[in-house]
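The structure under discussion appears below in the form of structure tokens.
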Amino acid sequence: MRIVIAPDKFKGSLSAPEVCRFLEKGLQRGTGGNLDVVRIPVADGGEGTLDAAVGSGFTRRTATVTGPTGQPVEADFAVRGHEAVIEMATASGLALVPRTSKGARPDAAAATTATSLGTGQLIRAALDAGCRRIVLGVGGSANTDGGAGLLQGLGARLLDSRNNELPPGGAALANLHSIDFTHFEPRLADTRFVLASDVDNPLLGAQGAAAVFGPQKGATPQDVGMLDAALARFVEVLAREIGFRAVKAAEAPGAGAAGGVGYAAIAVLAATRRPGIDVVLEFTELADRLAGADLVITGEGSLDEQSLLGKTPMGVARAAAAQGVPVVAVCGRTTLDHGQASAAGFDDVYALTALESDVNRCIAEAGPLLEQLGTQISAGLAANRPATASTKEDLRV
């Protein structure tokens, strides 16, 4: 029997490859090791996208780049032939911003000064590796600089009225006078970019990068207003350099993604924005690898109403349904009732909370609990029916 395991991460507990490993261990234990298991870790374009690429045959590479607050960081990216996958958070992520203590809010100063410079440098590393198609997975960014830092990492110079280069961060864009593209990376001319993002926010205004995502990065209400005005200045100056497409790009869905990195990608790199899960399922070649499968197991940490809006499990379920392969979901917890789960395409849902009611213990012991769920699923396979520890209503928390 052939089983495909294609989950997202269990955030705060396990990466997607770890979820695959623990589930397979339980599955094989329950069947005496007689299953043909294919592991395909997946993601929705944000955190975990790099793991999904490596799990699909890409080779992990590492480059030393500038982190969001100016410190050097070792950032990974993935290469397969002439294609690269970049997970922006490895170079410019909020998790890289120092905090005074575990669980503390990000440094408020970083909200206005954090840069996406390292992401531009990571793109350059991918170009050095011979890549000419680059998937840019955005999410978890620390910056609100409109992607100005990304452009600097690719050779652009952002100058004030005295021809001095601007300091990093979104706030500094208020003093932007001109952008010098003289030494902009020439290899970009024959490079195609895909912006993997589910965010459809524009760059500016009440639904823009600063207003919606700035507070998550430590920005105060005053900071939000200042950053939005600075980003508007960035658009104005960029339009003088590259034309009206800079203005049009600011209104494009996804321009506000990753603190406005989506804007720079669309306006300057001519990136095509696509839903993250679609991009990941494409480069993992999930549809082809489902051929001949008897069951697909997908999931994520919390399977809820948000999951139904295009998160990883839904993408996997759609791909499986297209080939008539049954799907079960595993998760830490679920708020979906029987009807919602069924309508989403899941034949069954297995939650860790059905085994352990204490959510904190579920987080701490996710691996062993997933093994138990794997064993339960294999018992159902042996009986040629979906197995469940309890009714789906009992799985609700």
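The values are calculated or read from the model by the stated rules, or taken from the named source; none is laboratory data. Predicted model only: the values in this text are computed from it and were never measured. All Cβ positions, even for glycine, are placed from backbone atoms using ideal geometry, and neighbour counts span all protein chains on display. Note: areas computed on protein heavy atoms with side chains; ligands, DNA, RNA excluded. Shrake-Rupley method; radii C 1.70, N 1.55, O 1.52, S 1.80 Å.
Could you please find all residues in the stretch 225-252 being of a type in the set (F, W, Y) and in contact (Cβ under 8 Å) with a residue 24 or more places away in the chain? Of everything in the stretch 225-252, just one residue is of a type in the set (F, W, Y) and in contact (Cβ under 8 Å) with a residue 24 or more places away in the chain, namely F234. Does L395 satisfy the condition of being open to solvent by less than 70 Å² (accessible area, probe 1.4 Å), more than 19 Å from I3 (Cβ to Cβ) and at pLDDT below 65? Against the criterion (open to solvent by less than 70 Å² (accessible area, probe 1.4 Å), more than 19 Å from I3 (Cβ to Cβ) and at pLDDT below 65), L395 qualifies. For A255, are the conditions met, namely being surrounded by fewer than 23 Cβ atoms within 10 Å (Cβ to Cβ) and either under 27 Å from T144 (Cβ atoms) or touching a residue at least 24 places away in the same chain (Cβ under 8 Å) (or both)? No; evaluated as a whole, the condition is false for this residue.
Being open to solvent by less than 30 Å² (accessible area, probe 1.4 Å) and either over 20 Å from the mean Cα position of the chain (by Cα) or closer than 20 Å to T353 by Cα (or both) is the filter here, so list the residues in the stretch 305-334 that pass it. Please lay out each step first, then the result.
Residues of the stretch 305-334 open to solvent by less than 30 Å² (accessible area, probe 1.4 Å): 307, 310, 312-317, 319-320, 325, 327-332, 334.
Across the stretch 305-334, the qualifying residues are S307, P313, A320, V325, V327, V328, A329, V330, C331, G332, T334.
Kindly evaluate A341 against the criterion of being out of contact with any strand residue (DSSP E or B) (no Cβ under 8 Å at 6 or more places or on another chain), more than 23 Å from V54 (Cα to Cα) and of a type in the set (A, V, I, L, M, F, W, C). Criteria not met by A341. In the stretch 19-54, what residues are open to solvent by 30 Å² or more (accessible area, probe 1.4 Å) and closer than 25 Å to A364 by Cβ? Within the stretch 19-54, R21, F22, E24, K25, Q28, R29, G30, R39, E47, D51 meet the criteria.
Check whether at least one residue in the stretch 273-280 is open to solvent by 10 Å² or more (accessible area, probe 1.4 Å), touching a residue at least 12 places away in the same chain (Cβ under 8 Å) and aliphatic (A, V, I, L, M), and report yes or no. No, the stretch 273-280 contains no residue that is open to solvent by 10 Å² or more (accessible area, probe 1.4 Å), touching a residue at least 12 places away in the same chain (Cβ under 8 Å) and aliphatic (A, V, I, L, M). Taken over the stretch 269-306, the criterion of being of a type in the set (S, T, N, Q) and touching a strand residue (DSSP E or B) at 6+ places or on another chain (Cβ under 6 Å) is satisfied by T272, T298, S302. Kindly check whether there is at least one residue in the stretch 55-65 that is surrounded by 18 or more Cβ atoms within 10 Å (Cβ to Cβ), within 28 Å of A364 (Cβ to Cβ) and at pLDDT below 95. The answer is yes; a qualifying residue exists. For the stretch 166-180, a residue qualifies if it is crowded, with 18+ Cβ neighbours inside 10 Å and in a helix (DSSP H, G or I), and the qualifying residues are A171, A172, L173.
Quick check on the stretch 175-182. Is at least one of its residues over 26 Å from the mean Cα position of the chain (by Cα), among the small types (G, A, S) and under 19 Å from A267 (Cβ atoms)? Give the derivation first.
Of the residues in the stretch 175-182, the ones over 26 Å from the mean Cα position of the chain (by Cα) are 175-182.
Going one step further and asking which of them are among the small types (G, A, S), we end up with 178.
Subsequent filtering for residues that are under 19 Å from A267 (Cβ atoms) retains 178.
For the stretch 175-182, residues over 26 Å from the mean Cα position of the chain (by Cα), among the small types (G, A, S) and under 19 Å from A267 (Cβ atoms): present.
Restricting G45, G26, G67, G55 to residues that are of a type outside the set (A, V, I, L, M, F, W, C) and at positive phi narrows the list to G45. Counting the residues of the stretch 257-271 that are over 16 Å from A89 (Cβ atoms) and either assigned to a helix (DSSP H, G or I) or under 13 Å from the mean Cα position of the chain (by Cα) (or both) gives 4. Examine the stretch 187-201 for a residue that is free of Cβ contacts under 8 Å to residues at least 40 places away in the same chain, part of a helix (DSSP H, G or I), more than 30 Å from A129 (Cα to Cα) and not hydroxyl-bearing (S, T, Y), and state whether such a residue exists. The answer is no; no qualifying residue exists.
For the stretch 50-165, which fully contained helices (runs of 4 or more DSSP H) count at least 1 residues that are among the β-branched types (V, I, T)? Can you show your working first?
Working: elements: 89-92, 108-113, 117-128, 148-153.
It comes to 89-92, 108-113, 117-128.
Rundown of residues vs (1) under 16 Å from N143 (Cα atoms); (2) of a type in the set (A, V, I, L, M); (3) open to solvent by less than 40 Å² (accessible area, probe 1.4 Å), yes/no style:
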{"position": "T182", "(1), (2), (3)": "no, no, no"}
{"position": "A196", "(1), (2), (3)": "no, yes, yes"}
{"position": "V199", "(1), (2), (3)": "yes, yes, no"}
{"position": "L203", "(1), (2), (3)": "yes, yes, yes"}
{"position": "T220", "(1), (2), (3)": "yes, no, no"}
{"position": "V224", "(1), (2), (3)": "yes, yes, yes"}
{"position": "A239", "(1), (2), (3)": "no, yes, yes"}
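Reported count of residues in the stretch 206-228, each being assigned to a loop (DSSP other than H, G, I, E, B) and either in contact with a helix residue (DSSP H, G or I) (Cβ under 7 Å, 6 or more places away or on another chain) or under 16 Å from A258 (Cβ atoms) (or both), is 5. The number of residues in the stretch 95-143 that are among the acidic types (D, E) and modelled with pLDDT of 95 or more comes to 1.
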